[in-house]
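K.L.:
Okay, here's the structure, questions in a sec.
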Amino acid sequence: MFKDIVKASRSYRGYDESYHFSREELEDFVDCARFAPSSVNAQPFRYYLAWEKEEVDRIQKLTNWARALPQMQLPHPGMCPTGFIVICQDLNLGASIPRYQKDVGIVAQTMLLAAAEKGLGGCMIGNYNADSVKKELHLAENLAPVLIVAFGKPAEKIVIKEIEEGENIAYYRDENDVHYVPKRKLEDIIIKK
């Protein structure tokens, strides 16, 4: 069921490092994303794929994870993603980055759903320095990194917890490192007529 895939597509911050991606697997995620809707059909994104360990490690060092849990180092040592796709906007095709931010989310979620369907997972990472990423990856002047998506085989437990109206929505971890994601109830997000 589609809803099961959506529920499985969490923001994972712990991975089994023994799983290694091939270029073809990451290309398949991009192939799914390229069919997603695009504002005025501009299709302004280009995708930088990283699956070899040395390059994955270089990108990992450029990212910051789980801003809501500053006391923790996530991913934990030995539990880093084993693949990355850096979504870049080709400024020659669309110079306004804000105009295509919705599109970025659509293509990233499409790739993460494709990963979830295969029993894999990932995390959208917006906490990075774009200039550092551009320099480290030797990106052309017209390519601006707009989102980094990590991929791997999940190696952590995530629990979705429905909450009452007014309860805290911040995600958290318990003493066993189980990650809890509070979600508002359906009846609390539907606008009543």
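K.L.:
Based on alpha-carbon centroids, what's the gap between the range 75-119 and the range 8-26 in Å, whole number please?
P.N.:
Going from one Cα centre to the other spans 13 Å.
K.L.:
For a protection proxy built on the mean count of beta-carbon atoms within 10 angstrom, sort 11-21, 98-108, 135-145 highest first, please.
P.N.:
In descending order of packing, they fall as 11-21, 98-108, 135-145.
K.L.:
Let me ask something else. When the accessible area of the range 42-193 is computed with all protein chains present and a 1.4 Å probe, what percentage of it is carbon and sulfur?
P.N.:
52
K.L.:
Moving on. Keeping all protein chains in place, calculate the accessible area per residue for the range 140-184 (probe 1.4 angstrom), answer in Å².
P.N.:
Heavy-atom accessible area per residue stands at 57 Å².
K.L.:
Moving to a separate point now. To the nearest 10 square angstrom, how much accessible area does residue 69 have with a 1.4 angstrom probe?
P.N.:
About 10 Å², rounded to the nearest 10.
K.L.:
Separate question: Please report, to one decimal in angstroms, the Kirkwood hydrodynamic radius of the chain built from all distinct Cα-Cα pairs.
P.N.:
17.7
K.L.:
Hey, another quick one. At q = 0.15, 0.20, 0.25, 0.30 Å⁻¹, work out log10 I(q)/I(0) for the range 145-193 with the Debye formula, treating every Cα as an identical point scatterer and leaving solvent out; two decimals please.
P.N.:
With one equal scatterer per Cα and no solvent, log10 I(q)/I(0) is -0.61, -0.83, -0.95, -1.09.
K.L.:
Could you work out the relative contact order of the chain? I mean the mean sequence separation of Cα pairs under 8 Å and 6+ apart, divided by the number of residues, in percent.
P.N.:
28
K.L.:
Output the pairs from 161/185; 7/157; 61/102; 7/118 with a Cα-Cα distance over 19 Å in this structure; if there are none, say none.
P.N.:
In this structure, 61/102 exceed 19 Å between Cα atoms.
K.L.:
Also, I was wondering about something else. How much of the DSSP beta bridge set in the range 78-193 is antiparallel, as a percent to the nearest 5?
P.N.:
70
K.L.:
Positive end of the charge dipole of the chain (Lys, Arg +1 and Asp, Glu -1 on Cβ, about the Cα centre): tell me which of 190, 140, 43 has its Cα farthest that way.
P.N.:
Going by the charge dipole, the pick is 190.
K.L.:
Rounding to the nearest 20 debye, state how big the charge dipole of the chain is about its Cα centre with +1 on each Lys and Arg Cβ and -1 on each Asp and Glu Cβ.
P.N.:
540
K.L.:
Kirkwood hydrodynamic radius of the range 56-142 from all distinct Cα pairs, in Å?
P.N.:
14.7
K.L.:
Hey, what number do you get for the chain at 222 nm if only DSSP H runs of n ≥ 4 count, each worth -39500 (n - 2.57), divided across all residues, to the nearest 500?
P.N.:
Mean residue ellipticity at 222 nm (helix-derived): -8000 deg cm²/dmol.
The values are calculated or read from the model by the stated rules, or taken from the named source; none is laboratory data. Because the structure is predicted, anything quoted here is derived from the model rather than measured. All Cβ positions, even for glycine, are placed from backbone atoms using ideal geometry, and neighbour counts span all protein chains on display. The accessibility values were calculated without ligands, DNA or RNA, using every heavy atom of the protein model including side chains. Shrake-Rupley method; radii C 1.70, N 1.55, O 1.52, S 1.80 Å.
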